[in-house]
Amino acid sequence: SPAFGQNAPPTWVPIVPTTKVLAIGHLTAANPTPAQQGVMPQEVQDTVRLYLAGKIDQWYVRKDQGGVIFMLNVGSVAEARELVNKLPLAKEKLMQFDLMPVGPLSPLGLLLK
């Protein structure tokens, strides 16, 4: 099944590889719960480990609701899903992620013709 927001590019646009995956996480509860608070120390440690391993390139807090945004250094949505689903909040079903593959700006290839 296609990833969130994934559509086939127009046929006139050159195909480019997926070089990163944008992971937009949102908490499943509107307000912090004791369960969320209980796993946060391990969540932070595991997230820092992913950053230090080079898997998280950039990370941000969501300003519109509880959650995070990661730019992941992975080449597929499947690899991104495997990484984020191992984080404690996701394992406990306290956070869900929308995953979007991104790559080089493919219309620039039209300048090379």
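The values are calculated or read from the model by the stated rules, or taken from the named source; none is laboratory data. Since we're looking at a predicted model, the values are computed, not measured. These area figures cover heavy atoms from the full protein model, side chains too; ligands, DNA and RNA do not enter into them. Shrake-Rupley method; radii C 1.70, N 1.55, O 1.52, S 1.80 Å.
Mind putting together the pair-distance distribution for the chain? All Cα pairs, 10 Å bins, whole percent per bin, short to long.
Going from the shortest bin to the longest, the percentages are 13, 42, 28, 13, 4, 1.
Working with all protein chains in place, sort MET100, MET40, MET95 by solvent-accessible area computed with a 1.4 Å probe, largest first.
Largest accessible area first, the residues go MET40, MET100, MET95.
Would you please classify the overall shape of region 57-103 from the alpha carbon gyration tensor, given that a ≥ b ≥ c denote the square roots of the eigenvalues, rounded means a/c under 1.5, and beyond that prolate means a/b larger than b/c while oblate covers the rest?
Cα axes put region 57-103 in the oblate bin.
Kindly provide the helix-only [θ] at 222 nm of the chain, computed as the sum of -39,500 (n - 2.57) over DSSP H runs of four or more divided by all residues, to the nearest 500 deg cm²/dmol?
-8500 deg cm²/dmol
Sequence gap at least 6, Cα distance under 8 Å: using those rules, report the relative contact order of the chain to the nearest whole percent.
Relative contact order for the chain comes out at 47 percent.
Angle, helix 34-52 long axis vs. longest principal axis of the chain, Cα atoms, 0 to 90°, nearest 10?
The two axes meet at around 40 degrees.
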